[in-house]
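A quick write-up on the structure given underneath.
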Amino acid sequence: MNKIFETPMYAYRHSPDQDEAAPVRRKVVVVGAGPVGLGAAIDLAQQGVEVVVLDDNDKVSFGSRAICFAKRPLEILDRLGCGQAMVDKGVVWNQGRVFFDDRQVYEFNLLPEKGHQRPAFINLQQYYFEQFLVNRVRELQQQGAPIEIRGRNKVSAVGTHDTHVTIEIDTPEGSYNLEADWLIACDGANSSLRAMLGKDFVGRVFEDNFLIADVVMEADFPTERWFWFDPPFNRDQSALLHKQPDGVWRIDLQLGWDIDKEREKKPENVIPRLKQMLGEDVEFELEWVSIYTFQCRRMEQFRHGRVIFAGDAAHQVSPFGARGANSGLQDTDNLCWKLKLVIDGKAPESLLDSYDAERIHGADENILNSTRSTDFITPKSHMSRLLRDAVLDLSERYEFARPLVNSGRLSVPCTYDGSPLNSADALDGPSRTRPGSPCPDVPLQDGYLLPRLGGRFILLTIDADAPDMIEEDGIEVTRLALSARDDPTLALKARYLGDAPSAVYLIRPDQHVAARRPSFDESLFRAAIRRATGKE
């Protein structure tokens with residue numbers, strides 16, 4: 001059994017801040033050293049922003065927890081300097097199969113399109129995911145970056161002010177106080193910070209429970225996502241099977257609503273269920289067991305003055321669809337470049353209101369998809385069940401029915417339609433790269449597009465002239481010049497040009513499109529830069 005989650009990775013150490021008579025002021029404090037909190041801290045530190053991470057634990061998460069990490073978060077992790085390590089360790093997959101009773105009704109490919117550096121998904125235990133992030137923190141520290149993790153530092157009280165946040169922290173040696181210009185709350189679904197501020201979730205809790213079992217076994221199942229409706233081994237319920245590294249397999253079994261959770265988690269009750277699914281002769285070892293309830297909820301606002309919530313602390317969705325940790329990383333990707341500009345005085349504080357607007361839009365999209373998945377997986381009436389089963393029957397033979405099958409609409413990046421940072425679309429180009437959209441990758445002669453974009457403002461020109469650099473009110477925008485004539489795959493034309501002969505894109509640091517036009521117009525692009533930084 002893997003013992004990584006039993007080893008302290010950021011053990012408690014006495015900080016000089018604890019000896020000061022007055023609270024020390026820090027630029028940014030992140031609460032929570034999970035995937036979202038560490039991702040935010042790394043992003044800020046790479047931009048030179050001082051950041052302290054506080055966590056009441058001193059080690060990575062116990063059990064697999066989140067395991068499915070989607071293409072877009074992997075691209076974000078590339079910019080954070082640890083994407084390749086995760087892909088190398090993870091189990092790469094693009095394919096999925098759906099079963100009804102004992103027969104396959106259809107299969108799907110989540111990335112049928114070629115020309116992307118990253119796969120649709122990898123499966124990787126959360127403890128490995130966090131380990132790679134902590135390793136990256138250590139690398140940054142060795143390079144002199146202003147980042148620190150303080151284990152066994154539990155936040156016990158928070159006070160909000162117009163110019164800063166006060167934080168009381170409990171440690172094994174007693175309590176001390178800090179001040180922070182900004183506090184990012186990434187302390188999970190049961191966020192104590194959310195409770196301290198008197199905030200709550202709005203949304204739905206669904207009447208069903210699912211057993212998660214991570215088992216170590218030798219098995220010849222393919223590297224795919226397998227989902228069953230009403231399987232012979234779990235009648236009138238559903239099941240899910242995923243492969244992870246190190247011979248670990250994730251199994252989800254629907255249990256129903258009226259159960260004794262503690263009783264159902266006991267090995268003497270879990271093992272017979274797994275044997276019924278896997279067969280009596282299959283040898284396996286339980287690594288981790290948990291029970292979860294579908295919840296689709298969020299805070300009404302994510303920003304509360306100088307306290308900003310991200311990840312599960314801000315929103316919750318059901319696990320089928322892999323929208324939890326993936327959307328949390330997209331939260332911090334959206335937030336950190338904006339916070340950097342505000343800290344540097346290059347953007348007004350009101351720019352952070354666009355984090356609320358854009359990521360609440362993303363959360364609502366995730367909640368909508370997760371709610372629809374939950375309603376399909378767990379029908380709430382006899383008629384709903386009949387309709388669902390009819391769709392499953394038809395999907396085995398008829399393609400038109402397959403889009404109606406919903407075993408979890410898997411995580412895709414959000415397009416920020418209607419964002420206040422978008423300029424009006426002036427290019428009759430592909431819908432997938434309209435303003436607000438995340439940039440799709442493209443193979444280039446010397447690699448891929450997204451690494452060339454990096455984490456800064458870019459003026460992407462395709463068969464169009466423009467200056468090599470524009471500076472607008474302290475914001476530097478660097479040109480990346482490409483030509484569709486040098487693209488034998490035609491991916492650049494298909495994803496960014498369409499039928500247009502040329503195009504110019506303004507790309508934000510989080511690689512979302514802020515503006516696009518058929519050619520460069522200096523005054524209009526300067527206006528687009530001001531809009532994208534909250535100045536217009």
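The values are calculated or read from the model by the stated rules, or taken from the named source; none is laboratory data. Please read these numbers as outputs of a predicted model, since none were measured by experiment. With ideal geometry, Cβ positions are generated from the backbone for all residues, glycine too; neighbour counts draw on all protein chains shown.
Determine whether the range 331-339 contains at least one residue that is touching a residue at least 40 places away in the same chain (Cβ under 8 Å), surrounded by 22 or more Cβ atoms within 10 Å (Cβ to Cβ) and under 30 Å from Ser238 (Cβ atoms). Yes: the range 331-339 contains one or more residues that are touching a residue at least 40 places away in the same chain (Cβ under 8 Å), surrounded by 22 or more Cβ atoms within 10 Å (Cβ to Cβ) and under 30 Å from Ser238 (Cβ atoms).
Can you name the residue in the range 30-60 that is farther than 14 Å from Ile76 by Cα and out of contact with any strand residue (DSSP E or B) (no Cβ under 7 Å at 6 or more places or on another chain) and, of all such residues, is surrounded by the most Cβ atoms within 10 Å (Cβ to Cβ)? For the range 30-60, the residue satisfying everything is Val60.
Between Leu450, Leu506, Leu421, Leu460, which is of a type in the set (A, V, I, L, M, F, W, C), touching a residue at least 12 places away in the same chain (Cβ under 8 Å) and in a helix (DSSP H, G or I)? It would help to see each step written out before you state the result.
Values: Leu506 fails: in a helix (DSSP H, G or I); Leu421 fails: in a helix (DSSP H, G or I); Leu460 fails: in a helix (DSSP H, G or I).
Testing whether each residue is of a type in the set (A, V, I, L, M, F, W, C), touching a residue at least 12 places away in the same chain (Cβ under 8 Å) and in a helix (DSSP H, G or I) leaves just Leu450.
Pairs linking a residue in the range 169-188 that is under 30 Å from Asn334 (Cα atoms) to a residue that is buried (at least 20 other Cβ atoms within 10 Å of the Cβ) and of a type in the set (Asp, Glu), with Cβ atoms under 8 Å and 6 or more positions apart or on different chains, are Gly188/Asp312.
When Asp465 is tested against (1) out of contact with any Leu (no Cβ under 8 Å at 6 or more places or on another chain); (2) in contact (Cβ under 8 Å) with a residue 24 or more places away in the chain; (3) surrounded by 17 or more Cβ atoms within 10 Å (Cβ to Cβ); (4) charged (D, E, K, R), just one condition goes unmet, and that condition is (3). Selection of the range 272-302 for residues being surrounded by fewer than 20 Cβ atoms within 10 Å (Cβ to Cβ), within 23 Å of the chain's Cα centre (by Cα), part of a strand (DSSP E or B) and of a type in the set (D, E, K, R) yields only Arg297. From the list Leu274, Leu286, Leu240, Leu255, the one residue that fits, being within 21 Å of Gln95 (Cα to Cα) and of a type in the set (A, V, I, L, M, F, W, C), is Leu240.
The residues of the range 417-462 that are buried (at least 21 other Cβ atoms within 10 Å of the Cβ), in contact with a Ser or Thr (Cβ under 8 Å, 6 or more places away or on another chain) and not assigned by TED's automatic domain parsing to the domain that holds Tyr496 amount to a single one, Leu421.
Being at pLDDT below 85 and part of a helix (DSSP H, G or I) is the filter here; which residues of the range 374-398 pass it?
Keep residues of the range 374-398 that are at pLDDT below 85, which gives 374, 380.
Of everything in the range 374-398, just one residue is at pLDDT below 85 and part of a helix (DSSP H, G or I), namely Thr374.
Pairing residues of the range 512-534 that are at negative phi with residues that are at pLDDT below 95, at Cβ distances under 6 Å and at least 6 apart in sequence or on separate chains, gives Arg530/Glu536. Between Asp252, Asp214, Asp187, the distinction of being on the phi < 0 side of the Ramachandran plot, touching a Gly at 6+ places or on another chain (Cβ under 7 Å) and in a strand (DSSP E or B) belongs to Asp214 only. Here Ala189 meets each of (1) modelled with pLDDT of 95 or more; (2) surrounded by fewer than 21 Cβ atoms within 10 Å (Cβ to Cβ); (3) within 22 Å of the chain's Cα centre (by Cα) with one exception, condition (1). In this structure, is Leu352 buried (at least 20 other Cβ atoms within 10 Å of the Cβ) and closer than 20 Å to Arg79 by Cβ? So Leu352 does not fit the description; no. Against the numbered list (1) touching a residue at least 24 places away in the same chain (Cβ under 8 Å); (2) surrounded by 19 or more Cβ atoms within 10 Å (Cβ to Cβ), Pro501 comes up short only at (2). Consider the range 424-446. How many of its residues are assigned to a loop (DSSP other than H, G, I, E, B), more than 22 Å from the chain's Cα centre (by Cα) and farther than 20 Å from Pro119 by Cα? Final tally of qualifying residues: 7.
Can you tell me which of Asp510, Asp441, Asp468 is charged (D, E, K, R) and over 21 Å from Leu74 (Cβ atoms)? Give the steps one after another, and end with the answer.
Values: Asp510 fails: over 21 Å from Leu74 (Cβ atoms); Asp441 fails: over 21 Å from Leu74 (Cβ atoms).
Just a single option satisfies the conditions, and that option is Asp468.
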